[in-house]
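Read through the structure below, which is laid out as structure tokens, and then see the notes.
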Amino acid sequence: MKREIIEVPLVSAAIRSLGVPTSALVRCGELLYSCGMPPIDVNTGAFVSGSMEEQTHASLNALRYSLIFAGSDLDHILKTTVYVTDPDAMKIVNEVYASYFKGDNPARTSLAIKPWRMPFGIEIEAIAVMPSV
């Protein structure tokens, strides 16, 4: 199958500004693969570096925005991986995360990782399917 790089307005440019060799979203067949989505304000393309609650909302909003742009949405996520630099923030992350999925949760892996040199403390990656037509 051929893979297609999805250029998501503002999100792709913000991710490229980090100097990391990745794409925001890739489609292969009926599957969509996101990068570790950082907390990006989808209205400005700026990184959100506020509280972990604000960052989690921003990461999930950037993920939702990217999936909708590609023709899918959060309801079609099969699996997520959540990376945080502060394991003590997982309670807050879980509360925000739960508000986006309303109990119909995709499979998920959560990892506490060593702090990185990025202006944020969370990334959320996802694998989603395109809706059936």
Explain nothing, just compute: Karplus ³J(HN,Hα) = 6.51 cos²θ - 1.76 cosθ + 1.60, θ = phi - 60°, for every residue of the range 96-103 in order, whole Hz, x for Gly and Pro. 5, 4, 4, 5, 8, 10, 6, x
Per-residue ellipticity at 222 nm for the chain, helices alone: DSSP H runs ≥ 4 residues times -39500 (n - 2.57), over residue total, nearest 500 deg cm²/dmol? -8500 deg cm²/dmol
Nearest-5 percent of antiparallel DSSP beta bridges in the chain? 75 percent
The ³J(HN,Hα) series, computed from each phi in the range 26-35 with the Karplus coefficients 6.51, -1.76 and 1.60 at θ = phi - 60°, rounded to the nearest Hz and given as x for glycine or proline, is 10, 10, 9, x, 9, 9, 10, 10, 9, 6
Dmax and Rg, reported as Rg then Dmax, of the chain (C-alpha, Å): 13.9, 42
Please work out the C-alpha center-to-center distance from the range 1-28 to the range 70-133 and express it in whole Å. 17 Å
Which is farthest toward the positive dipole end of the range 14-85 among Tyr65, Gly45, Leu31, measuring Cα position about the Cα centre, with Cβ charges +1 (Lys, Arg) and -1 (Asp, Glu)? Leu31
Where in the chain lies the longest segment free of GluC sites (Glu not before Pro) that are both loop residues by DSSP (not H, G, I, E, B) and have at most 16 other Cβ atoms within 10 Å? 31-133
With Cα springs under 10 Å, the Gaussian network model of the chain assigns the largest mean-square fluctuation among Arg16, Arg108, Arg117 to Arg117
Using the Kirkwood radius over Cα pairs of the range 39-93, the Stokes-Einstein translational diffusion coefficient at 25 °C and 0.890 mPa s, in µm²/s and rounded to a whole number, is 204 µm²/s
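How charged is the neighbourhood of Phe101? Take every other residue with its Cβ under 14 Å from the Cβ of Phe101, and add Lys/Arg as +1 and Asp/Glu as -1.
Its environment carries a net charge of 0.
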Residue span Ala112 to Asn94: 0.36 nm per residue of separation minus Cα-Cα distance leaves a gain in nm of 5.2 nm
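Rounded to the nearest 0.05, what FRET efficiency is calculated for Arg3 and Ile68 with R0 set to 22 Å and r the Cβ-Cβ distance?
Values: r = 20 Å, r/R0 = 0.91.
Using R0 = 22 Å, I get an efficiency of 0.65.
Coordinate-derived values only; no laboratory data. This one's a predicted model, so the numbers in the text were calculated from it and none came from an experiment. Here Cβ is always computed from backbone atoms with ideal geometry, including for glycine, and neighbour counts include all displayed protein chains.
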